[in-house]
Amino acid sequence: MAIALDNLRVGRVYDFQNNGEMRRLMILARLSGDNFKVKDMDTTEEYTIEELLRWGKGKDYELDEVIDSSGRGVVPRRF
């Protein structure tokens, strides 16, 4: 089950699936409300969540936090 956008945390990594596309995203900043600046971990491109959801949520929509072997969320860099 997908998590709500308002539960995303800056600095964490999430698996995002929508309309047949699969992406691994790192949250860079919260811009406003449910909009975030994100970085695609595979292509290093930066987007906003609004851009990724511009055409709506498909039947396959999923957004889940990436969990490591110790059961913690993946944080690629420490602040």
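Throughout, read-outs are computed from the coordinates displayed, never taken from laboratory work. Keep in mind the model is a prediction, meaning the values are calculated, not measured. Neighbour counts run over all protein chains shown; Cβ positions are idealised from the backbone, glycine included.
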Given the options ASP68, ASP40, name the one that is loosely packed, with under 12 Cβ neighbours inside 10 Å and either of a type in the set (D, E, K, R) or over 18 Å from VAL10 (Cα atoms) (or both). ASP68
Collect the residues in the stretch 48-65 that are buried (at least 17 other Cβ atoms within 10 Å of the Cβ) and more than 14 Å from ILE3 (Cα to Cα), keeping them in residue-number order. LEU52, LEU53
Count, please, the residues in the stretch 14-50 that happen to be outside any strand (DSSP E or B), over 16 Å from ASP64 (Cα atoms) and of a type in the set (A, V, I, L, M). 0
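Yes/no per residue for (1) under 19 Å from LEU28 (Cα atoms); (2) charged (D, E, K, R); (3) in contact with a Leu (Cβ under 6 Å, 6 or more places away or on another chain):
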site: LYS39; (1), (2), (3): yes, yes, yes
site: THR43; (1), (2), (3): yes, no, no
site: LEU52; (1), (2), (3): yes, no, no
site: TRP55; (1), (2), (3): no, no, no
site: ILE67; (1), (2), (3): yes, no, no
site: GLY71; (1), (2), (3): no, no, no
